[in-house]
1. Condition first: under 30 Å from N142 (Cα atoms) and at pLDDT below 95. Can you find one or more residues in segment 10-21 that meet it?
2. Does segment 120-138 include one or more residues that are buried (at least 19 other Cβ atoms within 10 Å of the Cβ), modelled with pLDDT of 95 or more and out of contact with any strand residue (DSSP E or B) (no Cβ under 8 Å at 6 or more places or on another chain)?
3. Cβ contacts < 6 Å: first residue within 18 Å of G36 (Cβ to Cβ), restricted to segment 142-169; second residue within 13 Å of the ligand (Cβ to nearest atom) and in a helix (DSSP H, G or I), any location; separation 6+ or different chain. Result?
4. Looking at G84, G89, which is the one that is touching a residue at least 40 places away in the same chain (Cβ under 8 Å), out of contact with any Cys (no Cβ under 8 Å at 6 or more places or on another chain), within 15 Å of the ligand (Cβ to nearest atom) and small (G, A, S)?
5. Which numbered condition in (1) within 17 Å of the chain's Cα centre (by Cα); (2) in a strand (DSSP E or B) is the only one that L157 fails?
6. Can you pull out every residue in segment 111-128 that is more than 29 Å from I3 (Cα to Cα) and either outside any helix (DSSP H, G or I) or in contact (Cβ under 8 Å) with a residue 12 or more places away in the chain (or both)?
7. For segment 1-60, which positions are near the ligand (Cβ under 9 Å from one of its atoms), farther than 27 Å from A82 by Cα and out of contact with any helix residue (DSSP H, G or I) (no Cβ under 7 Å at 6 or more places or on another chain)?
Amino acid sequence: MSIATRLMLLGAPGAGKGTQAVRLVDELGIPQISTGDLLRNAVAQGTDLGKEAQTYMAAGKLVPDELVLSLVVARLSEPDAANGYILDGFPRNISQAEALVARGIKLDRVLSLDVPKEELIGRLTGRRICRACQASYHLTFNPSKKEGVCDRCGGELYQRKDDSADVIANRLEVYEAQTAPLLDYYEKAGILRRIPGTGSIEGIYAAIQNALVM
Ligand code: AMP
């Protein structure tokens, strides 16, 4: 028996990928590689890539593949990713998945967190993120112990600009049209595991742990 360590978390915005990734990082000691976080950093630092990505992100559209790929490939080649990683928010469409294959990057497990669409909207509008460590909270369902402060690192919590009602609608549409086809793609590859993403955070995490056994 072994435990899968080259992982991808698949799911609509608000499905709980970031929340569960933090737990996997703590337990498995492998990094979370979130393309959303990498892109938000690039925007915050004002790099050329960040400037180019910004308009797509603000509209809830996918950033062009070549920009995202350059970030991910560089991040995957860092030493801390040598023994495994948790891809969060990447691949986001079939062509990104094929770009991984073309580079010889193989995933052991794709974990899909399945959450009904009606629930996603409430999760996203109440979501708060830590500016320092990117841990994710929810005002009602998963509040921090002290308002506005991250339990994990003491960082400041903020609301993402694209967690506004109009942009959320676009992001959910983009997920259906471009990302959901990956369910079929990874099912055919035999590495997909579908996990109900509703219920307690601990219960969902337990189901993820079971799905890692190879
Ligand atoms: P996320 O934090 O995963 O919700 O991503 C926030 C935004 O970053 C998305 O709405 C996209 O604009 C962009 N983004 C993140 N990951 C990708 C990706 N793999 N491909 C294209 N755009 C992405």
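1. yes
2. yes
3. D163/L124; I168/L124
4. Details: G84 fails: within 15 Å of the ligand (Cβ to nearest atom).
Residue meeting the stated conditions: G89.
5. Exception for L157: condition (1).
6. K117, E119, L120, I121, R123, L124, T125, G126, R127, R128
7. Y56
A quick yes/no check of all residues on (1) crowded, with 16+ Cβ neighbours inside 10 Å; (2) in contact with a Leu (Cβ under 9 Å, 6 or more places away or on another chain); (3) of a type in the set (D, E):
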{"residue": "K146", "(1), (2), (3)": "no, no, no"}
{"residue": "E156", "(1), (2), (3)": "no, no, yes"}
{"residue": "Q159", "(1), (2), (3)": "no, no, no"}
{"residue": "A169", "(1), (2), (3)": "no, no, no"}
{"residue": "E173", "(1), (2), (3)": "no, no, yes"}
{"residue": "P181", "(1), (2), (3)": "no, no, no"}
{"residue": "P196", "(1), (2), (3)": "no, yes, no"}
{"residue": "E202", "(1), (2), (3)": "no, no, yes"}
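The values are calculated or read from the model by the stated rules, or taken from the named source; none is laboratory data. Since the model is a prediction, treat every value here as computed from it, not as a measurement. Heads up, the Cβs are rebuilt from the backbone with ideal geometry, glycines too, and the neighbour counts pull from every protein chain shown.
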